[in-house]
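Okay, structure first, notes after.
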Amino acid sequence: MKTLNNKNRINKAKGFTLIELMIVVAIIGILAAVALPAYQTYSDRAKFAEAVLAATPLKSAIEVAVQTKNPANLAALAPATLGIPADITATTDVHGSAVASGVITITWKSDSSDLAGITYTLTPDGVTAPVQWTQGGTCLTNGYC
């Protein structure tokens, strides 16, 4: 009798049933459906960091102008004056940048991505050093910055 029980255990098939495999595939599909939109958002946020970094040279130029040129007011902080670079228009290859009364506006290039036309702004608190900046733009409402 003992040998018969051992023989039955040896011949018993091992592995997963079809229903178990189908359940696992369904769970993976549901997780992927939830994860892909979140991944796209993280990917767009990482891409938009490029536009945030594009504001750095303009920010530095305005801070240097405030410290060395002593402008009377924010209106004096204009493009192509006091060492502030000239405005750049957004194209399909280049992000746009503009300075108006010290407010820096970076516009994402006009490509076919979800980020096209999204803006990032930095607003100075005045013309006394150290300059404090306030972030703004449509990137805040869209969750990219």
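The values are calculated or read from the model by the stated rules, or taken from the named source; none is laboratory data. Predicted model, so just to flag it, every value in this text is computed and none were measured. A quick note on method: Cβ atoms are made from the backbone with ideal geometry, for glycine too, and the neighbour counts reach across all protein chains shown.
Restricting the first member to the range 88-114 and to residues that are acidic (Asp, Glu), and the second to residues that are surrounded by 13 or more Cβ atoms within 10 Å (Cβ to Cβ), the beta-carbon pairs closer than 6 Å and six or more apart or on different chains are ASP114/ASP44. Here is a check on your reading of the model: is LEU74 among the hydrophobic types (A, V, I, L, M, F, W, C) and at pLDDT below 95? Against the criterion (among the hydrophobic types (A, V, I, L, M, F, W, C) and at pLDDT below 95), LEU74 qualifies. Whether any residue in the range 126-133 is under 28 Å from TYR39 (Cα atoms), of a type outside the set (Ser, Thr, Tyr), assigned to a strand (DSSP E or B) and at pLDDT 95 or above is what I want to check. No, the range 126-133 has no match at all. Within the range 134-145, the set of residues being out of contact with any Cys (no Cβ under 8 Å at 6 or more places or on another chain) and assigned to a helix (DSSP H, G or I) comprises THR138, LEU140, THR141, ASN142. Among the residues of the range 60-113, those identified as crowded, with 18+ Cβ neighbours inside 10 Å, under 17 Å from PHE48 (Cβ atoms) and among the aliphatic types (A, V, I, L, M) are ALA90, ILE104, ILE106. Here SER43 meets each of (1) buried (at least 17 other Cβ atoms within 10 Å of the Cβ); (2) within 18 Å of the chain's Cα centre (by Cα) with one exception, condition (1). Within the range 60-89, if we keep just the residues that are within 16 Å of GLY126 (Cα to Cα) and among the polar types (S, T, N, Q), the residue that is nearest to the chain's Cα centre (by Cα) turns out to be SER60. Only a single item in (1) within 26 Å of THR68 (Cβ to Cβ); (2) buried (at least 16 other Cβ atoms within 10 Å of the Cβ); (3) hydrophobic (A, V, I, L, M, F, W, C) is not met by ILE118, and it is number (1). Just one of the numbered conditions (1) over 17 Å from GLN135 (Cβ atoms); (2) of a type in the set (D, E, K, R); (3) modelled with pLDDT of 95 or more is not true of GLU20; which one? Result: GLU20 passes all but (3).
Taking first residues from the range 40-69 that are under 16 Å from THR105 (Cβ atoms) and partners that are part of a helix (DSSP H, G or I), the Cβ contacts under 7 Å between residues at least 6 apart in sequence or on separate chains come to PHE48/CYS139.
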